[in-house]
Structures are given as C-alpha cells and as structure tokens.
1. Filter the range 99-121 down to residues that are surrounded by 11 or more Cβ atoms within 10 Å (Cβ to Cβ) and not charged (D, E, K, R), then give me how many there are.
2. Give the residue that is nearest to His68 (Cα to Cα), with candidates limited to residues of the range 1-17 that are modelled with pLDDT under 80 and touching a strand residue (DSSP E or B) at 6+ places or on another chain (Cβ under 8 Å).
3. Go through Leu20, Leu47, Leu70 for me and flag whichever is open to solvent by 50 Å² or more (accessible area, probe 1.4 Å), at pLDDT 80 or above and part of a helix (DSSP H, G or I).
4. Determine whether Phe147 is touching a Phe, Trp or Tyr at 6+ places or on another chain (Cβ under 8 Å), at pLDDT below 80 and more than 24 Å from Glu97 (Cα to Cα).
5. Under 21 Å from Ala203 (Cβ atoms) and in contact with a strand residue (DSSP E or B) (Cβ under 7 Å, 6 or more places away or on another chain) - does that describe any residue in the range 44-62?
6. Can you tell me which residue among Ala91, Ala105 is assigned to a helix (DSSP H, G or I) and in contact (Cβ under 8 Å) with a residue 12 or more places away in the chain?
7. Please verify whether Leu153 is closer than 30 Å to Val74 by Cβ and crowded, with 17+ Cβ neighbours inside 10 Å, treating the condition exactly as stated.
8. Can you name the condition, by its number, that Thr29 falls short on among (1) surrounded by 12 or more Cβ atoms within 10 Å (Cβ to Cβ); (2) over 20 Å from Phe147 (Cα atoms)?
Amino acid sequence: VTPADFATGFVQKDANILILVDGSNSFTTQAAYSSAAAISQAYDISLTRQPLSPLNAHFDVLYNPDLHDLWFIVPGFGAFLLYGIALKLTAFAIVREREVGTIEALLVTPIRPIELMLAKMIPNLCIAMLNMALTFTMGMLIFGVPFRGSLLLFVALAVLFAVGGLGLGLAIYSVSHSQVHANQPPTPMNIAVLFLSDFLFLADSLPLVLRCLCY
C-alpha cells in the first residue's frame, strides 16, 4: 500500500510503505516477509548507494499477526484426520466382511450394491465428521484457534472432502482381500498426501509434474 505522499517522503528520506502479508499459511507468510524485506532493502541501497534507507517498510501480517504455529497446525491436522479416518474406516469395514465370509451373505440379500455401499459409508462419515468436530472444538477452546467465516459452508466442504476419502477407501477395498492387505496402500498414500496436499509445501511452489499430481 503506497501512500499519496510517497514520492515527497522518499526525497526527504522519510518515505513509508505498508506491506500486507497473508498470515493464513506459515510458509507463505515467512517467505513473503523475508522476500519483501530483502527486495525493499536492495532497492533502497541501489538508489542511495548508502546503507541508510530512505524507505520505511511497515509489515502487517493479516489473519495471524503473531504467527502462532498452532493456528496453522490444528486446522491442517483436522483435515488430515478427517481424510485418514474416512479412508481407513471404509476400507476396513468392508474388507472385514469379506475376510470373515459374510460379504457373500450380504450380496444374496435383496439389498442393492449401492445400498450396501451407503450403509457402510454413512456411519463412517458420521464418525469422521465427529472426530473433526472434536478436533476443531478442542483447537478453539484449548489452543485458542479462532474460527472465522460460514460454519455451514465449512461443514458442507468438509463432508465433500470426507466423501472423497470414503470413495478412496472403497477403491482400496475392491482390490484387498484381508485387513493386512488393506492397511498397506494407505501408508504410502498418506505420505504422498502430506507432501502433495498443500499441507507441508505450497502447491504453487512444486514442479509442474508434481503440481499436476497434487491437483
């Protein structure tokens, strides 16, 4: 944000400029803060040829001004927990039926396959959403993580995200014949998700191939 008297202040070696940084992501905040400070200082020196700066850069970090680590960690952990529970519960619930031999008994009943899938998914979806609700409630009450925005939109997007995890669990179930086998694919997938889901590293900073895989 450049004030109207910036040019005059610069000549008088007392110019001010405001830099607003998005504090909702710790990596973005730190990178933007460091880069802006370095660019500002380099620009000053290139103009004055002296270490004394005529430009005063004021930084204002939005959304998380004190850069509390828990404000970054708790929401990300809640999302990862929602995904992991939805993935594993669905895979294990149906593989268990196949492992003990009751899946055939279910298939000969009048229920349709889609009804069987929904019967397995809906309870797991409720459990996953309950875990996420507990995580975010504890985050707000115990760790002081603020919640801003539409709760209804947040819940709707969380359900959509959990359904994606449930669908992935069904995909794992379709090729698994035991709980041991069903437990193997999620482990490398969870590691990939950590690195490619914007949780640890920004998607925009990844190489093109990994960025496409991320999306």
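The values are calculated or read from the model by the stated rules, or taken from the named source; none is laboratory data. The structure displayed is predicted, hence computed values, not measured ones. Neighbour counts run over all protein chains shown; Cβ positions are idealised from the backbone, glycine included. Accessible surface is based on the protein model in full, side chains and every heavy atom, while ligands, DNA and RNA are left aside. Shrake-Rupley method; radii C 1.70, N 1.55, O 1.52, S 1.80 Å.
1. Taking the range 99-121 and keeping what is surrounded by 11 or more Cβ atoms within 10 Å (Cβ to Cβ), we get 99, 102-103, 106-107, 111, 115-121.
Then keep just the ones that are not charged (D, E, K, R); that gives 102-103, 106-107, 111, 116-119, 121.
The total comes to 10.
2. Ranking the qualifying residues of the range 1-17, first place goes to Ala15.
3. Working: Leu20 fails: part of a helix (DSSP H, G or I); Leu47 fails: at pLDDT 80 or above.
Exactly one of Leu20, Leu47, Leu70 is open to solvent by 50 Å² or more (accessible area, probe 1.4 Å), at pLDDT 80 or above and part of a helix (DSSP H, G or I), namely Leu70.
4. Details: touching a Phe, Trp or Tyr at 6+ places or on another chain (Cβ under 8 Å): yes; at pLDDT below 80: no; more than 24 Å from Glu97 (Cα to Cα): yes.
So Phe147 fails the test.
5. Yes, the range 44-62 contains at least one residue that is under 21 Å from Ala203 (Cβ atoms) and in contact with a strand residue (DSSP E or B) (Cβ under 7 Å, 6 or more places away or on another chain).
6. Residue meeting the stated conditions: Ala91.
7. no
8. With (1) surrounded by 12 or more Cβ atoms within 10 Å (Cβ to Cβ); (2) over 20 Å from Phe147 (Cα atoms) applied to Thr29, the lone miss is (2).
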